[in-house]
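Have a look at the structure below before the remarks.
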Amino acid sequence: MKPMTAEWVVKAEGDFATMQREGRVTERPNYEAICFHAQQCAERYLKARLYEAEVPFGKIHDLMALLNQVSRVEPGWESFREDLAYISDLAVMFNYPGETADAESAVRAEHSCRRFRDAARNVLRSEQ
């Protein structure tokens, strides 16, 4: 694995850990933070794979655009389109006043992130 790819993975894992920690909070959990870090984790794993495959990408945060790019080297990741679309939408939706995340959306975001993360880690592990 290239050093920069490894840095993307470290950042993704930091987001994953933060999402998990916040998910265990019993007093005043921050559901929006769970959704945000789920999106960030997925984004960083997408970028890690793109970097490893030497596919250029810009400073974008749209998971669908990143998935479209990475699908050329990881066509199997298309199976995560629905999960990634869900967490991508949540990260934007709850970033502004007027909308608030709830426990159900946070649990779904965490589940979607975990499924994608597992697949991404398997692929990146095989790149070593």
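Read-outs: derived from the displayed coordinates by stated rules, not from any lab. Being a predicted model, the structure only gives us computed values, none of them experimental. Using ideal geometry, Cβ is built from the backbone for each residue, glycine included, and neighbour counts are taken over all protein chains shown.
Some notes on this structure:
- Taking first residues from region 1-29 that are under 18 Å from residue 55 (Cβ atoms) and partners that are among the β-branched types (Val, Ile, Thr), the Cβ contacts under 9 Å between residues at least 6 apart in sequence or on separate chains come to 1/9.
- Filtered by the rule that a residue be buried (at least 19 other Cβ atoms within 10 Å of the Cβ) and within 16 Å of residue 86 (Cα to Cα), region 20-37 gives 31, 32, 34, 35, 36, 37.
- Residue check for residue 102: surrounded by fewer than 22 Cβ atoms within 10 Å (Cβ to Cβ), touching a residue at least 60 places away in the same chain (Cβ under 8 Å) and within 24 Å of residue 22 (Cα to Cα): yes
- Set side by side, the residues 63, 50 differ, and just one is crowded, with 23+ Cβ neighbours inside 10 Å and under 15 Å from residue 8 (Cβ atoms), which is 63.
- Any chance residue 84 is in contact with a Phe, Trp or Tyr (Cβ under 7 Å, 6 or more places away or on another chain), on the phi < 0 side of the Ramachandran plot and not β-branched (Val, Ile, Thr): yes
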